[in-house]
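To keep things clear, I will list the structure first and then write my remarks on it.
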Amino acid sequence: MTNNDMIPEISHDGFQVVSGEMFKHMQRISQPSATLWYNSISFSKASVQALNNCERVRIEVNPSTKCLLIVPVTIKDKDNIHWVKNVKDPQARKIECKAFTAQLFETWGWKPDYVYRTTGRVVSVDKKVMLLFDFSEPESWLWKERTKAI
């Protein structure tokens, strides 16, 4: 008796192929990603690296397409945001900005107790490199605040 004789044969009827798109969140490790909470925003380390570890950015929003554009700027830009934790070893950081994100959630019809994430892509506008994040179909989940043990 061979091993194949011990493996039960089943019917393949009714099975459907699961689209690789269903697993796109796995890409966020190597691809730029942005995550929105009701009171803050964060970017992945890959986002910082995609913009050559620049220290400051400006965020632009397109309310109708649900897109964010991340533009590298200098400290001289009046709307600059310091988006890295450590200049010597740049890491993304969570940025508290409830006035901005709460307005986005309201405008985009999102639930305040959910978190929304999407991957981004490098784009060029007037020959300047930027990051575009399209939140029209984001990954989302119910946010559970961590509680400290007593």
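The values are calculated or read from the model by the stated rules, or taken from the named source; none is laboratory data. These numbers were taken from a predicted model, which means no experiment stands behind them. Neighbour counts are summed over all protein chains in view; Cβ atoms, including those assigned to glycine, are modelled from backbone coordinates with ideal geometry. All accessible areas refer to the heavy atoms of the entire protein, side chains included, with ligands and DNA or RNA removed. Shrake-Rupley method; radii C 1.70, N 1.55, O 1.52, S 1.80 Å.
Remarks
- Diffusion coefficient of segment 54-107 by Stokes-Einstein, Kirkwood radius over Cα pairs, 25 °C, 0.890 mPa s: 199 µm²/s.
- Chain lengthening between L142 and V73 when straightened (0.36 nm per residue, less Cα-Cα): 21.5 nm
- For the chain, averaging the sequence separation of C-alpha pairs within contact (under 8 Å, six or more residues apart) and dividing by the residue count gives a relative contact order of 26 percent.
- Most positive-pole-ward Cα, M6, I59, V87, against dipole of the chain from beta carbon charges: V87
- Estimated dipole of segment 70-150 in Debye, rounded to 20 [Cβ of Lys and Arg +1, of Asp and Glu -1, Cα centre]: 400
- Computed from point charges on the beta carbon alone (+1 for Lys and Arg, -1 for Asp and Glu), the dipole magnitude for the chain about its Cα centre is near 1000 Debye.
- A simple spin-label model places pseudo-atoms 7 Å from Cα toward Cβ; at Q16 and R93 they are separated by 4.6 nm.
- Accessible surface of the chain, 1.4 Å probe: 52 percent of it comes from carbon and sulfur atoms.
- Range of Cα positions in segment 62-150 per principal axis (Å), largest first: 49, 35, 23
- More than 18 Å apart - percent of Cα-Cα pairs taken over the chain: 64
- Among the listed pairs K76/K98; K98/K144; K78/K98; K66/K88; K88/K144; K76/K111, a Cα-Cα separation exceeding 28 Å is found for K66/K88; K88/K144; K76/K111.
- For the chain, the residue among S33, S136, V18 whose Cα projects farthest onto the positive side of the dipole built from Cβ charges is S33.
- Accessible area per residue, Å², the chain with all protein chains present, probe 1.4 Å: 72
- Within straight-line cross-link reach of K45, aspartates and glutamates at Cα separation under 16 Å, skipping those fewer than 8 residues along the same chain: E55, D89
- Helix content alone sets the calculated 222 nm mean residue ellipticity of the chain: runs of n ≥ 4 DSSP H residues at -39500 (n - 2.57) each, divided across all residues, give -3500 deg cm²/dmol.
- One chain, two ends: Q103 and E60. Fully extended at 0.36 nm per residue, the span grows by 14.1 nm beyond their Cα-Cα distance.
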